[in-house]
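The values are calculated or read from the model by the stated rules, or taken from the named source; none is laboratory data. For clarity, every value in this text was computed on a predicted model and none was experimentally measured. Positions of Cβ are generated from backbone atoms using ideal geometry, with glycine treated the same way; all protein chains shown enter the neighbour counts. Ligands, DNA and RNA are stripped out before the accessible areas are found, and what is left, the full protein with its side chains, is counted by its heavy atoms. Shrake-Rupley method; radii C 1.70, N 1.55, O 1.52, S 1.80 Å.
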Amino acid sequence: MTLESQLEDNLIAQLTQDVHQWKFRDDLRTVDQLWDNFFRILESNNKDQLNDHPLTPNEKMTVRTAIVKPTFYRATEFMVGANRQVRYHLRREDSSIPDADLLILDNTNIAGGNSVYEVVHQVQLQKKTALNQDRRFDVSLLINGLPVIHIELKAPNVPYKKAFNQIQKYIDEGQFTDIYSFVEMFVVTNGTQTRYISAGQNLNAKFLTAWVDKNNKRVDKYLNFAEEVLSIPAAHHMIADYVVLDSENKSVILLRPYQIHAIQAIFKSSRESKSGYIWHTTGSGKTLTSYKVARNLLQIPSIDKSIFLIDRKDLDTQTTTAFKIYANNDTISVNETNNSYDLADQLTDGDRTVVVTTRQKMQNMFKRIDELDQLPKRYENLKNMRLAFIVDECHRTITPSQKREIDKFFNRKPLWYGFTGTPIFKENARAKNGQDARTTEELYGPVLHKYTIGDAIRDKMVLGFSIDNQGGSNEDGNEEDTKKMDQIYRSKAHMHSVATAVIKAAYRKQGLISGKKYSAILTTSSIEQAQKYYRIFKKIIDGEDEEFKIPERIKKVAPDFPKIAITYSVSENEDDSESVQDEMKWSLADYNAVYGTNFSMAELDQYNQNVNARLARKKAQYQADNQRLDLVIVVNRLLTGFDSPSLSTLYIDRPPMSPQDMIQAFSRTNRIFDKDKTWGQIVTYQYPKTFSEKIDDAIVLYSNGGEKYAVAPSWEESKQSYVSARSKIDMYRFDADGPSIYDAPKEEKKKFVKAFQEFDKALAAIKTYDELDTEEGLMQLGVSDITPDDWEAMRGVYEDILDDLRKDSDEDPDHNDDIDDEYELESFGQKEIDERYIMNLIQAFLPESTDNQEEASGNEISPETVKEINGHIDELAKTNELLAEIMRKLWQQILQDPAKYAGKQVDELLESLIDQELQSIMREFADKYKVDYDQFRYVMANYDPKLKGNKQKGMNDLLDKERFVDYLNDNPDSDLNKPYRWKSEVREQAKQYYVDKIGPLINREA
């Protein structure tokens, strides 16, 4: 058996095996020692700035206080620095000594210069609260003394997820603060499986990333991962070049391996003056990758400007907004052009910047310059510039003739790098037009890197698709008669049947069955049809439809479902009739009434942007339930370039699209979000046979051999899986007169746990199919239904048995090597509102910092949001009243003075209040029974309510004879006047204190 310590030793040996790699510092074992080491390196690298006057203790404390930040995001923001260097300007304690501009980190000298690379292990950290424990960190990588990468290891027989959960636990305990707030990357491994994730206060296991090589082959073994990712210079490049800050969500983003390979491929190609394109599937972060490419190309001296080129249609999508968010904390300026004159000014200003513009502005600039009789010198210089164009959605942004026009203008042919998830191939090539390029490769050059939808789904970067080709309820199945079928599909009867089908399907497809409220898009063939749909839905919502009422099971979860809107680009409506304009005014008035906005027809652009933001639910103000948007009716808008992880479903009532448009549209639904969103849901209501064939063709074309990952199993396949899993679990159905699984041998308990997990997966999968919406339910499968009481009984037994097996595993690490004791149940309903959800809502309205007045004011908290958060706390009180009361106290304090909490983390504030409450409770007990406070704290920290009182860790030491004497002296008239009575009472009351007061505060899932 390989021990965790052996893995740790092997990893350190791998990291330190060459001269120019990490240096092992076994002497650094405490936070104070880490700081001493940091200042030693800082002084060594800044001898010229210190003028032979070492830093004084006060100056060191000044530096330490100034650079340590409260969150990973703020620390990483500091580590961006300027011009690839991180500095701190220190005013010396002795005013006769010049100020020192201290260089902390130099990203211009990777693997050389003054960069110091060290690895430490088993660093000891003191507990932050009364009932927490002291901790030891496994392995940390230091650059110039600051921990920037942290690695937690587990033995090969332990799931790597345990290492991930351990990191989150340490974050919750406040251990990743002080010098460890500089960590930007976490790595977890059990030797055979290795994953990495960017640092954050609330980690999401769904974003654990496996490394893949340039050919998209997985690199799972930890030593291979260390060689490819954690060696020098790769690790320093990861921190310096492949970290992006999301200034809107205040989060750190680490690029994924395929993004890094693409950037490196373009960088290599640009040095060779060659163009090409990147084929990365939609949803894999192309916009972020292209941003980093545009930024990094400016490191090549021969390139004067990098231009991020977008299509005019994208200006009302998230593309430009996302670009600005990424660039907010970057060291390179990103300039958006207002018009063609502004574009010309920016291209000729002599600054090395990224310019964001549209092909239309570029073409207008060329036209204006070509009309000049004599070129000014700056335009002559412009024609001689060497530019690099980065083109997002390159399969449609620029045509061959438009690209030819741009190339012709410049004396030096520009470099072109396209990004697309759906390239144009010979199978779906453009129509012939002389010598014009017909495919993406012909237009841009060879594919430089590819990461297809099959790769992404296999690696769990995006979800697969669950496709339901329903057709219409009034068709006869003859799809070749398109004229007749189109008449049917445009009929009021068809549209009404689709509207009712959408609402009914939402129960499963939009997550209402699990208490979730994912959003959806309905796409139609025309604006007129979209507005007819809006009328139909509105009539149903208002209860005026005589044929259909919203099902009670939906109203029970979301009484106001569905909240709808309609959106389209202004250009789509230029020639529409007055009646269609009037329809839009009516829709706008309805939207304004629901959401308290005030949009008019003159503000359609702003309205569309508001719909985008509300549907995306990325901004804090749109995450409150009263601000949600359930369904948006569109024609073509939002079907490309729109990113919303909470969007689960695309309803399609239009004929099949081209392969590239189909995959683009489908990919709006398959972003990773939470554990209940397992597929991107696609429902079609026209031409079911044709759609099925076209979908198969598109998936094969864009999966590049990975189509087996792309589509959910059919109803028949899932049905068989469920029946098989159900037969295994039925062997353990709990007959009161039969043998108990509790008394079974351990091997039989393991079989039960594995069977239950298999059953849970099968049940969660089958619950997503509409075929269950019959009176027979599960009975149609030939098996009996299971009552809610039976569900809870089965779950309770499973969790008890798994808990017992976990305890055995703690004593014998090899004991559970064949079961997944970190498995999270999928089919059993989880609480919609928990502590972390509420904390995130509150955090969104805290001022970010006190550095300026605008930020210090924070986000305005509406009365509706206050009411919603209060309601969530009330709901939490039903299951954990003590925690809810502490949370309510904190919430009221924040409401009274938000500025007081600027820059604070709500979870840390809550932990502090909880620790105060715990200490108060335990001191109350210790004073009442005159026991030792520290010993009682130890008992509570290790308490197991399943054990008898005299079996609890530390209980015998707690019941010291001298303590009984102290109790009797203070309580001479007490009935507890005999040692055995006092001991019995202390044991019993300790249990009650734990169950009623302490357990609810320390055993909570946040």
Fill in: Taking N as its residue count, the alpha carbon Rg of the range 352-441 over 2.2 N^0.38 Å
1.22
Response to the item:
Within the under-11-Å Cβ sphere about ASN469, not counting ASN469, Lys/Arg +1 and Asp/Glu -1 give a net charge of -1
Discussion item. If you take every residue apart from LYS268 with its C-beta less than 14 Å away from the C-beta of LYS268, what net charge results, scoring Lys and Arg +1 and Asp and Glu -1?
Written reply: +2
Discussion item. Within the range 960-985, name every residue whose backbone N is under 17 Å away from a label modeled 7 Å from Cα of GLN992 along the Cβ vector.
Written reply: 974-977, 981-985
Worksheet entry | Extension gain (nm, one decimal) between ALA899 and ASP674, 0.36 nm per residue minus Cα-Cα | 77.8 nm
Worksheet item: Residue-wise, which Karplus ³J(HN,Hα) couplings in Hz belong to the range 206-212, taking 6.51 cos²θ - 1.76 cosθ + 1.60, θ = phi - 60°, and x for glycine or proline?
Response: 5, 9, 5, 10, 8, 7, 10
Discussion item. Quick check: from the Cα gyration tensor, does the range 140-263 come out rounded (a/c under 1.5), prolate or oblate?
Written reply: rounded
Response to the item:
Amide H contacts under 5 Å for VAL356, restricted to residues at least 5 apart in sequence or on another chain and with H modeled in the peptide plane, are PHE308, ASN335, GLU336, THR337
Worksheet item: How are the C-alpha pair distances of the range 888-957 spread across 10 Å bins, as whole percents from the shortest bin up?
Response: 17, 35, 22, 19, 6
Worksheet, complete the sentence: Among TYR732, ASN598, LEU141, the residue whose Cα sits farthest towards the positive end of the charge dipole of the chain (+1 at Cβ of Lys and Arg, -1 at Cβ of Asp and Glu, taken about the Cα centre) is LEU141
Response to the item:
If every Lys and Arg gets +1 and every Asp and Glu gets -1 at its Cβ, then about the Cα centre the range 347-462 yields a dipole, in debye to the nearest 20, of 100 debye
Response to the item:
For the range 416-483 the GluC sites (Glu not before Pro) that pass both the DSSP coil test and the at-most-15 other-Cβ-within-10 Å test are GLU480
Fill in: With at most 12 neighbouring Cβ atoms within 10 Å, loop trypsin sites (Lys or Arg not before Pro) (DSSP) excluded, longest segment of the chain
218-431
Practice prompt. Among LEU254, SER181, TYR518, flag the residue with its Cα farthest along the positive direction of the charge dipole of the chain, charges on Cβ as +1 for Lys/Arg and -1 for Asp/Glu.
Written response: LEU254
Discussion item. Placing unit charges on C-beta atoms (Lys and Arg positive, Asp and Glu negative, everything else neutral), compute the dipole magnitude of the chain about its Cα centre in debye, rounded to 20.
Written reply: 2240 debye
Worksheet item: With respect to the cross-link table entries LYS23/LYS162; LYS292/LYS450; LYS517/LYS556, which display a Cα-Cα separation exceeding 20 Å?
Response: LYS23/LYS162
Worksheet item: Accessible area per residue of the range 204-247 at 1.4 Å probe, in Å²?
Response: 39 Å²
Worksheet item: How much accessible surface area, in Å² rounded to 10, belongs to the heavy atoms of SER912 with a 1.4 Å probe?
Response: 60 Å²
Worksheet entry | Alpha-carbon centroid distance for the pair the range 190-209 / the range 917-958, whole angstrom | 36 Å
Worksheet item: Using a probe of 1.4 angstrom, how much of the accessible area of the chain is carbon and sulfur, in percent?
Response: 45 percent
Practice prompt. Counting other Cβ atoms within 10 Å, keep those with at most 15, restrict to DSSP loop, and tell me which GluC sites (Glu not before Pro) in the range 93-196 are left.
Written response: GLU93
Worksheet item: Which pairs break 28 Å Cα to Cα here: LYS677/LYS997; LYS127/LYS900; LYS675/LYS946; LYS532/LYS867; LYS585/LYS867; LYS928/LYS951?
Response: LYS677/LYS997; LYS675/LYS946; LYS532/LYS867; LYS585/LYS867
Item to complete: Roll a 1.4 Å probe over the protein chains and send me the accessible area per residue for the range 42-103 in Å².
Response: 53 Å²
Worksheet item: In the neighborhood of LEU255, defined by Cβ-to-Cβ distances under 9 Å, what is the net charge if each Lys or Arg adds +1 and each Asp or Glu adds -1?
Response: +1
Worksheet, complete the sentence: Rounded to the nearest 10 Å², the accessible area of HIS236 using a 1.4 Å probe with every protein chain kept is 0 Å²
Worksheet item: Using unit Cβ charges (K, R positive; D, E negative) and no other charged atoms, how large, in debye to the nearest 20, is the dipole of the range 106-154 about its Cα centre?
Response: 300 debye
Practice prompt. Work out which helices of the chain, taken as complete DSSP H runs, extend at least 27 Å along their axis over the Cα atoms and score a mean Kyte-Doolittle of 0.0 or more, then list them.
Written response: none
Response to the item:
Of the candidate values (1) 15; (2) 26; (3) 52, the one computed for percent of Cα pairs over 59 Å apart from this structure is (1)
